[in-house]
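Just so it is clear, none of the values below were taken in a lab; they were calculated from the coordinates. The shown structure was predicted, so the numbers you read here are calculated from the model rather than taken from an experiment. So basically every Cβ, Gly included, is an ideal-geometry build from the backbone, and we count neighbours across all protein chains shown.
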Amino acid sequence: MANKVRRPDCAVIGAGPAGLGAALAASKAGLKGRAAARPRHRARGILPQCIHDGFGSIVFKEVLTGPQYAQRYIDEVERRTSISS
């Protein structure tokens, strides 16, 4: 039995703000088969430490704390892509 080789259009390495944004942009551009090199429970990067608000006003049109901003990205990425833990 041969192993199936997966050839994604792109790979996103990391799941901090930049990685989540890149995965979302890849999905919106129509790329298929994205992959993340970080388990879902570790997604967010530095944002959990940023408890002040001020995030999200441009991207989500709402002022959010770091953890809220990260969760919005995670939720949007999971809805639009095949990235999973």
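Okay, here's what the table says:
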read-out: Mean-position separation - Cα centroids, the range 6-22 and the range 51-80, in angstrom; value: 17
read-out: Partners for Lys28 among aspartates and glutamates (Cα-Cα distance below 20 Å; same-chain residues under 8 apart left out); value: Asp9, Asp75, Glu76, Glu78
read-out: Karplus 3J(HN,Hα) series, Hz, for the range 59-72 with 6.51 cos²θ - 1.76 cosθ + 1.60 (x for Gly, Pro); value: 6, 10, 6, 8, 7, 10, 6, x, x, 5, 4, 4, 5, 4
read-out: Label-point separation, Cys10 to Lys28 (7 Å along Cα→Cβ), nm; value: 1.1
